[in-house]
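Encoded as structure tokens, here's the structure I'll be asking about.
The values are calculated or read from the model by the stated rules, or taken from the named source; none is laboratory data. Predicted model only: the values in this text are computed from it and were never measured. For neighbour counting, all protein chains shown are included, and Cβ atoms are generated from backbone atoms with ideal geometry for every residue, glycine included.
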Amino acid sequence: MAEIVYPPVLRTALTAFKLLDLRFRMEGTERIPRSGGAVLVSNHVSYLDFIFAGFAAYPAGRLVRFMAKKEVFDHPVSGPLMRGMHHIPVDRSAGAGAYDAAVRALKDGEIIGNFAEATISRSFTVKEIKSGPIRMAAEAGVPVIPVALWGGQRLWTKGRPRRLLQRHVPITILVGEPMRPGPDDDIAALTGDLRRRMTDLLDEAQRTYPDQRRGVWWQPPTSAAPRPPRRRPPRSTPPPGHAASRAAHVCPVPQHGRYAEGLTGGQGTGITEPGGTRNPYLGAVDEHRAPPPAGRTRH
């Protein structure tokens, strides 16, 4: 088919991203086949994901035909572009037509892009995914390739103002190992496996993202595992005859002040707190001694 619209749109996007100095990190792109059909399945965190997922196939010299909701094709600006790039409209009330069109394109050797979550994930995790990508690949006899995208949500995502002119934003694109579903395979099991693979890729993309910050909206929520209760270390065994004489001069350690803070938890638990701040009170036990016995002078 004639490619009149897709190449100039792609060049325009590349030029814009170069001017904005977006910092792309792409790994696993050699897993995209240079010929033949494949289903590219990506997580969905941004309105720009179809561009970034399409970049995954750029080193292989391939163009990705994305399945997108029909409303995008009805828009006066995006509609002509989407049709010109031969993307596939999806009518959610009657999706069989889009499915059949995608299978035909796969059999013709096209790469089909699919966001199996069917919507942007506001939690920035992989939501439950549809079985369509596995079923299409099994019917067409082509591989399914998982992709993880991270960073695009900082530019434009659901429920946030557009910040398309931000500069120096890192964008991570990770491509996973292909899956090869067959017509007799368990579709539900393979769909679950695909979601796990996508989650693992996204976890890696988030963990290795070069701009790590805490408390910003575009980072996923994290939950720290509960810490075990802090226990006092056992006392060393004193020499015979020493304990009785020492007990006469030492009162029990008080459960207050600095030692209590280190004992009862909160920010005083552990040797090193999150962020690398060291607990200055750990082990700072103030032993209060009784006055010396009458007749003895302490120096």
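Could we say that Pro89 is over 25 Å from the mean Cα position of the chain (by Cα), part of a strand (DSSP E or B) and surrounded by 13 or more Cβ atoms within 10 Å (Cβ to Cβ) here?
Working: over 25 Å from the mean Cα position of the chain (by Cα): yes; part of a strand (DSSP E or B): yes; surrounded by 13 or more Cβ atoms within 10 Å (Cβ to Cβ): yes.
Here the answer is yes, as Pro89 does meet what is asked.
When you go through (1) of a type in the set (Gly, Ala, Ser); (2) more than 14 Å from the chain's Cα centre (by Cα); (3) within 29 Å of Lys18 (Cα to Cα) one by one for Ala188, which number turns out not to apply?
(3)
Restricting to region 100-130, give me the number of residues that are closer than 20 Å to Thr191 by Cα and either among the hydroxyl-bearing types (Ser, Thr, Tyr) or in a loop (DSSP other than H, G, I, E, B) (or both).
Residues in region 100-130 being closer than 20 Å to Thr191 by Cα and either among the hydroxyl-bearing types (Ser, Thr, Tyr) or in a loop (DSSP other than H, G, I, E, B) (or both): 14 in total.
Please find, within region 165-221, the residue that is surrounded by the fewest Cβ atoms within 10 Å (Cβ to Cβ) out of those that are in a loop (DSSP other than H, G, I, E, B) and in contact with a Phe, Trp or Tyr (Cβ under 8 Å, 6 or more places away or on another chain).
Restricting attention to region 165-221, the residues satisfying the condition of being in a loop (DSSP other than H, G, I, E, B) are 165-169, 176-178, 180-186, 208-221.
Now restrict to residues that are in contact with a Phe, Trp or Tyr (Cβ under 8 Å, 6 or more places away or on another chain): 209, 218-220.
Values: Tyr209: 16, Trp218: 18, Gln219: 16, Pro220: 14.
If we take residues in region 165-221 being in a loop (DSSP other than H, G, I, E, B) and in contact with a Phe, Trp or Tyr (Cβ under 8 Å, 6 or more places away or on another chain), then Pro220 is surrounded by the fewest Cβ atoms within 10 Å (Cβ to Cβ).
I would also like to ask the following. If I go through region 23-80 residue by residue, how many of them are aliphatic (A, V, I, L, M) and crowded, with 22+ Cβ neighbours inside 10 Å? Walk me through it before giving the result.
Looking only at region 23-80, we keep the residues that are aliphatic (A, V, I, L, M), and these are 26, 32, 38-41, 45, 48, 51, 53, 56-57, 60, 63-64, 67-68, 72, 77.
From what is left, the residues that are crowded, with 22+ Cβ neighbours inside 10 Å are 32, 38-41, 45, 53, 56-57, 64, 67.
Matching residues across region 23-80 total 11.
With (1) part of a helix (DSSP H, G or I); (2) out of contact with any strand residue (DSSP E or B) (no Cβ under 6 Å at 6 or more places or on another chain); (3) modelled with pLDDT of 95 or more as the list, and Gly97 as the residue in question, which single condition is left unmet?
Going through (1) part of a helix (DSSP H, G or I); (2) out of contact with any strand residue (DSSP E or B) (no Cβ under 6 Å at 6 or more places or on another chain); (3) modelled with pLDDT of 95 or more one by one, Gly97 breaks only (3).
Going through Arg83, Arg162, Arg135, Arg122 one at a time, which residue ends up being surrounded by 14 or more Cβ atoms within 10 Å (Cβ to Cβ) and assigned by TED's automatic domain parsing to the domain that holds Gly36?
Values: Arg83 fails: surrounded by 14 or more Cβ atoms within 10 Å (Cβ to Cβ); Arg162 fails: surrounded by 14 or more Cβ atoms within 10 Å (Cβ to Cβ); Arg122 fails: surrounded by 14 or more Cβ atoms within 10 Å (Cβ to Cβ).
None of the other options fit; the residue is Arg135.
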